[in-house]
Amino acid sequence: MAGGVYIDDTGVKHYEARVTFFVLVTCMVAATGGLIFGYDLGISGGVTSMEEFLKLFFPSVYKNQKNKTGHENNWCKFDSQLLTLFTSSLYLAALVASFFASAMTRKFGRRLSMLLGGFIFFLGAIINGAARNIEMLIVGRVLLGVGVGFANQSVPVYLSEMAPAKLRGALNIGFQMAITIGILIANLVNYGSNKIKGGWGWRLSLGLAAVPATIMTVGSFFLPDTPNSLIDRGHTDRAKKMLQKIRGTNNVDEEFEDLVSASEAAKEVKHPWRNITKRRYRPQLAITFLIPFFQQLTGINVIMFYAPVLFKTIGFGDDASLMSAVITGGVNVLATFVSVFSVDRFGRRVLFLEGGVQMVVSQIAVGVILGLKFGTDGEGSLSKGYADFVLFLICAYVAAFAWSWGPLGWLVPSEICPLEIRSAGQAINVSVNMFFTFIIAQLFLSMLCHMKFGLFFFFAAFVVTMTIFIFYFLPETKSVPIEEMNRAWKAHWFWGKYIPSDAVHGHGHCSPNV
């Protein structure tokens, strides 16, 4: 392997790299940034189904729930814009924060963004746990959102830059794995805290978000910066030593030169936001926008935020609804392991396509059963057999998402952008994700009330659309080094015409001013 590099049949370079213990530990610590996002996703749905919490902050919803005239409409039990604002305000804050995080990630490095994100999230958790009124609750949520915005901006980029190309998929999915573990822990906490006598269990649920925030903040403090980030900020000697350390070899000259030339090209770009709109970056712009857009329109966050509310709506009791959320959370974690072990072996496209088909089948089946049992007036109930079957279908849906659109929705946008537009590309990914998470979170309970079982068909139609999109428009990116990604675009039947020839010669970089 001359100079620590070989070139395969497609002209893509592969650098010499061992999988070092240092890299594995570093990536595991960084991935804990996903814990704060996951814990929050899981906790809010459980808390909003707790009676004491509703009584204190959302008395009208509590009253609605207790309406036992015999003609209550199950679909509309939780329809309250204020209640959904509690959940969704976080995502609006994360959206705004991701733009500030983008500039900070570029100027001061990835780890400082992670450190700041963890600390702000910690403050939000303390305020939420101590909340006395709706204002305190919303302020706490906004601070949590700022923390999530910083973490989701910096962690996937950090992981993609630290990992060797052949393991980039698996290590980057560590972020998604941490999200799913966070969701499962939150579901278990909710199940336990709901049993606390005295009605303060919800405080424990919200306040415990400080634990993953502490792990992330302390972990980030000890993390090294990525070679890309060090080069970017002029520390070339430290960057080379770091590259040798994370690749487990001194034979890194070729990869180091490629990183330096990528950084020089990136420095010529004074306005990464303007730059990413240029014709030559059209594939990256399209993918960093459409993948997070589609990821939210799978309907997954409906299940994740509101699993207990959803299960309660379709007739599960208090404990049963929280327990069902624990079951779906467990499936989520286990299925993410499938992705970790297969993403670098079978590639991104296979997982995207199989997951899409499985999600569509599950959603249509759930919609049909709920339509037959509840109709449009929302009156009715599920027998135990039907309830168990609905839970099984939702688990099949969650599993499909967990090994496809879940992890790949973060992995693919973070690995396809050249350095000169990487922070802008990741900010687009996070902000689009957060914007549509906000929209879905804010509208879901109203949509459930008005569209009823048709909501499942609504999301299934989007899953069909996005599966077709992946089939035609996403090239395979497994094992392609980040700085060589233009070759994959150039070879694509549609995107190839946007990539100028000089973008795939030499080191795979281009003059950013073309």
- Could you list all residues from segment 317-354 that are open to solvent by 30 Å² or more (accessible area, probe 1.4 Å) and either part of a loop (DSSP other than H, G, I, E, B) or on the phi > 0 side of the Ramachandran plot (or both)? Gly317
- Message: Suppose we filter Leu116, Leu85 for residues that are at pLDDT 90 or above, open to solvent by 10 Å² or more (accessible area, probe 1.4 Å), out of contact with any Pro (no Cβ under 9 Å at 6 or more places or on another chain) and in a helix (DSSP H, G or I); which single one remains?
- Response: Leu116
- Which one of these is farther than 30 Å from Leu334 by Cβ, in contact with a Lys or Arg (Cβ under 6 Å, 6 or more places away or on another chain) and in a helix (DSSP H, G or I): Ser423, Ser431? Ser423
- Query: If the Cβ limit is 6 Å and pairs must be 6+ apart or interchain, which residue in segment 123-149 that is touching a residue at least 40 places away in the same chain (Cβ under 8 Å) and at negative phi pairs with which residue that is open to solvent by less than 30 Å² (accessible area, probe 1.4 Å) and hydroxyl-bearing (Ser, Thr, Tyr)?
  - Reply: Ile138/Ser89; Arg141/Ser89; Val142/Ser89; Gly149/Ser98
- Query: Got a sec? Which of Gly174, Gly182 is at pLDDT below 95 and open to solvent by 10 Å² or more (accessible area, probe 1.4 Å)?
  - Reply: Gly174
- Query: Which one of these is without any contact (Cβ under 8 Å) to a residue 24 or more places away in the chain and surrounded by fewer than 16 Cβ atoms within 10 Å (Cβ to Cβ): Asp377, Asp388?
  - Reply: Asp388
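Considering every residue within segment 309-320, establish whether at least one is modelled with pLDDT under 95 and closer than 16 Å to Ala402 by Cβ.
So far as segment 309-320 goes, no, none of its residues is modelled with pLDDT under 95 and closer than 16 Å to Ala402 by Cβ.
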- Of all residues in segment 265-294, which are of a type in the set (S, T, N, Q) and crowded, with 24+ Cβ neighbours inside 10 Å? Gln284, Thr288
- Residues located in segment 240-264, provided they are open to solvent by 70 Å² or more (accessible area, probe 1.4 Å) and within 26 Å of Met28 (Cβ to Cβ): Lys241, Lys245, Asn250
- Message: For segment 131-167: of the residues being at pLDDT 90 or above and out of contact with any Phe, Trp or Tyr (no Cβ under 9 Å at 6 or more places or on another chain), which is most open to solvent (accessible area, probe 1.4 Å)?
- Response: Arg132
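Residue by residue, here is whether (1) surrounded by fewer than 22 Cβ atoms within 10 Å (Cβ to Cβ); (2) at pLDDT below 85; (3) out of contact with any strand residue (DSSP E or B) (no Cβ under 6 Å at 6 or more places or on another chain) holds:
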site: Ile7; (1), (2), (3): yes, yes, no
site: Ala17; (1), (2), (3): no, yes, yes
site: Phe21; (1), (2), (3): yes, no, yes
site: Thr69; (1), (2), (3): yes, yes, yes
site: Lys77; (1), (2), (3): yes, yes, yes
site: Gln81; (1), (2), (3): yes, yes, yes
site: Ala97; (1), (2), (3): no, no, yes
site: Met104; (1), (2), (3): yes, no, yes
- Task: Give the residue that is surrounded by the most Cβ atoms within 10 Å (Cβ to Cβ), with candidates limited to residues of segment 453-486 that are under 30 Å from Ala265 (Cα atoms) and among the hydroxyl-bearing types (Ser, Thr, Tyr).
- Result: Thr477
- Message: Quick check on segment 168-178. Is at least one of its residues assigned to a helix (DSSP H, G or I), farther than 21 Å from Gly46 by Cα and among the basic types (Lys, Arg)?
- Response: yes
- Message: If I filter segment 251-266 down to residues being touching a Pro at 6+ places or on another chain (Cβ under 9 Å) and charged (D, E, K, R), which single residue comes out as nearest to Pro418 (Cα to Cα)?
- Response: Asp258
- When you look at Gly425, is it more than 22 Å from Ile181 (Cβ to Cβ), among the small types (Gly, Ala, Ser) and in contact with a helix residue (DSSP H, G or I) (Cβ under 8 Å, 6 or more places away or on another chain), yes or no? yes
- Give, as residue ranges, the helices (runs of 4 or more DSSP H) completely inside segment 202-312 that count at least 1 residues that are more than 24 Å from the chain's Cα centre (by Cα) and among the aliphatic types (A, V, I, L, M). 227-232, 236-247, 253-267
- The lone exception for Ser60 - which of (1) surrounded by 15 or more Cβ atoms within 10 Å (Cβ to Cβ); (2) touching a residue at least 12 places away in the same chain (Cβ under 8 Å) it fails: (1)
- Query: Are there any pairs, at least 6 apart or on different chains, whose C-beta atoms fall under 7 Å, with the first in segment 186-214 and over 23 Å from Ala320 (Cβ atoms) and the second small (Gly, Ala, Ser) and open to solvent by 10 Å² or more (accessible area, probe 1.4 Å), and if so, which?
  - Reply: Arg203/Gly129; Gly207/Gly129
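The values are calculated or read from the model by the stated rules, or taken from the named source; none is laboratory data. As the structure is a computational prediction, the values presented were derived from the model and not from experiment. Heads up, the Cβs are rebuilt from the backbone with ideal geometry, glycines too, and the neighbour counts pull from every protein chain shown. For the accessible areas, the whole protein counts, side chains as well, though only heavy atoms, and no ligand, DNA or RNA atoms are used. Shrake-Rupley method; radii C 1.70, N 1.55, O 1.52, S 1.80 Å.
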